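Report on one structure; see the data block that follows.
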Amino acid sequence: MLCLSLYVPVPSQNQTAFEYFESNGLPSELKSLFKLRLFLPSEEFSTYRKWRKKIVKAGDKDLDGQLDFEEFVHYLRDHEKKLRLVFKSLDKKNDGRIDSQEIMQSLRDLGVHISEQQAEKILKSMDKNGTMTIDWNEWRDYHLLHPADNIPEIILYWKHSTIFDVGESLTVPDEFTVEEKITGMWWRHLVAGGGAGAVSRTCTAPLDRLKVLMQVHASRSNNICIAGGFTHMIKEGGIRSLWRGNGINVIKIGPETAIKFMAYEQIKRLIGSNQETLGILERLVAGSLAGAIAQSSIYPMEVLKTRLALRTTGQYSGIAHCAKQVLRKEGMTAFYRGYVPNVIGIIPYAGIDLAVYETLKNYWLQKYATNSADPGVFVLLACGTMSSTCGQLASYPLALVRTRMQAQATLEGGPQMTMSGLFRHIVRTEGAIGLYRGLAPNFMKVIPAVSISYVVYENIKVYLGVQSR
C-alpha cells in the first residue's frame, strides 16, 4: 500500500500526519515502498487543504471521495496537456519563455489591468533561477498541482452572452479557450445556450408581448398599464394569446447564434488577432459587426415576430401565412422595415453591456478572486442582470422606433415614417417619455429570464457532457 502523507511541524509537539490518498493497485516497481512523505511548512497547511480539495475534485473518476494512485497519474497527465495549451497562449513572442509584459498583455486582453510590479510578483512566485522569466519547466512544476489556477479560467467561468438570454441577441459573443475549441466543447456551450434561450423566452413571452403592444399602441390618450394590458390580451384571444409571436422568436435563436459566432471568429482573423482573446475595444468592434451580420440575415424573422405578436384573433393562421400576407400586400421591403435603428442599436446595447459586465468582472477578480476565478452563481447572475439592464436602457428608444416601424402597416391610417421622422413625431406628441413605452414589462422580465436561462443552461451542459461549474 502506498500512502502519501503530510507532516506539519508544530513546536514542542510530535509531527502530525494527514493521509492524502492510498492505493492497493500499485505498479510492481513501487510495491517495495511503504510510505511516501511530503513535507511542507506549517504555515502552508491551509493552502494544502484547499489544494487537496481541488485536486481530489479534479481527479476523482470513481467519485468515492478518494484519489488513488491510478487516478492521480491520470490527473497529472491530463493537467499537463492543459498547462501546455495555456503556456503557448501566454507566450506571445513564441520564444519559450513568459515575461512580465506577456502576463500584463494576457490579462489586459481579458479586461483585467495590473501594474508591472504585480506582474513581476506573479513571476517571482514561479521563477526558480532568478531570470524574471518563466520557461515551460518552471510553469509546469508550479501549476501541476494547482488545478485551474490559470488565466483561461476567467474565460471559462465568466461566460455572458452564451448563458444569459433576455430576449435580445445584441450582446458581444463570448470567448472560448483554446482547450474548449480543440475538444469541441464550444459547440456544446452554444447548444446549451440556445436551449436555455428557448426556455427562457417561452417563460417570459407574455411580458415580451405586452412590451410590444405598449411600444406600438400606448400613447398619452391610450395609456396601457400592465394589468390592463394582460386583461385586454386574455379577453381578445384567451390565455394562449399571451404567447403570440413566441414560436418564431424561439426558432430564430439557432441561425442567429450560429451566424454570429462564425462571423465573430472570421472578423477576429480579419483584424489580425492570433491571440486567444481580444481586448475590450476589439471585442466590441468584432462583436458589433458580427451582430450586424447576424441581424441582417435573420431580420425578416424579427419583423414577422412583431407582426405575429400584434395580430388579432384569426388574422394569421401561422408563421408561413403571415409571411405570405406581408409579401403579397407590402412587398419584400416590408421585411426590412426598422432595419436601420435595429443595426444602430447594436452599438449602445453591446457597448454598454460589455463595459458594465467587464467592469463588474474586473472589480470582483481584483478584490475577491484569491483561489479561483469562479464567481459563483449569485455574482454571475447579478453581473449579467445589471449589464443587460444597462444595455437595454441605453438602446431602448431605438428598439421602440424599430418596433413601430416594423408594425407600421398594421396601424390602419397611421403615418408611414422614416426613423428620424418617427423620433420627432414621438417626442412632439408624447414627449421624451414616449420613447420608453413598454420599459416596465421589459425590465420585469430581465431577472426571471436571466435566472431561467442560467438554470437551464447548466442542466443542458451536464447532459451534453460539459464539465459543470
Dipole axis of the stretch 180-296 (+1 Lys, Arg; -1 Asp, Glu on Cβ), positive-most option in GLN295, MET214, ALA196: MET214
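If I take every Cα pair under 8 Å that is 6 or more residues apart in the stretch 178-464, average their sequence separation and divide by the length, what percent do I get for the relative contact order?
Result for the stretch 178-464 is 31 percent.
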Highest first, please rank the peptides 381-393, 222-234 by the mean number of other Cβ atoms sitting within 10 Å of their residues. 381-393, 222-234
For a protection proxy built on the mean count of beta-carbon atoms within 10 angstrom, sort 89-99, 349-359 highest first, please. 349-359, 89-99
Using just the alpha carbons, could you tell me how many Å³ per residue the convex hull of the stretch 178-464 encloses? 153
Can you work out ³J(HN,Hα) from phi for every residue in the stretch 294-308, in order, using Karplus 6.51 cos²θ - 1.76 cosθ + 1.60 and θ = phi - 60°, giving whole Hz and x for Gly and Pro? 5, 5, 4, 6, 10, 4, x, 5, 5, 5, 5, 4, 5, 5, 5
Work through the residues other than GLY421 whose Cβ is under 15 Å from its Cβ and net out their charges, Lys, Arg +1 and Asp, Glu -1. +4
Flagged as over-length at 21 Å C-alpha distance, from LYS268/LYS445; LYS88/LYS181; LYS361/LYS461; LYS252/LYS445, the pairs are LYS268/LYS445; LYS361/LYS461
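If we count every other residue with Cβ under 12 angstrom of GLY351's Cβ, Lys/Arg +1 and Asp/Glu -1, where does the sum land? Intermediate values should be presented prior to the final figure.
Numbers: positive: ARG283; negative: ASP353, GLU358.
Net charge around GLY351: -1.
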Just the number please: accessible area per residue for the stretch 285-391, 1.4 Å probe, all protein chains included, in Å². 43
Length-normalised contact order of the stretch 230-345 in % [C-alpha pairs under 8 Å, at least 6 apart]: 32
Rounded to whole Hz, the Karplus (6.51, -1.76, 1.60) HN-Hα couplings of the stretch 391-407, x for glycine and proline: x, 5, 4, 5, 9, 4, x, 5, 5, 5, 5, 4, 5, 5, 5, 5, 9
Of all accessible surface on the stretch 178-464 at a 1.4 Å probe, what whole percent is carbon and sulfur? 66
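The values are calculated or read from the model by the stated rules, or taken from the named source; none is laboratory data. Note that the coordinates shown come from a computational prediction; the quantities given were computed from them, not determined experimentally. Because the Cβ atoms are built from the backbone with ideal geometry, glycine has one as well, and the counts that use them run over all protein chains shown. The accessibility values were calculated without ligands, DNA or RNA, using every heavy atom of the protein model including side chains. Shrake-Rupley method; radii C 1.70, N 1.55, O 1.52, S 1.80 Å.
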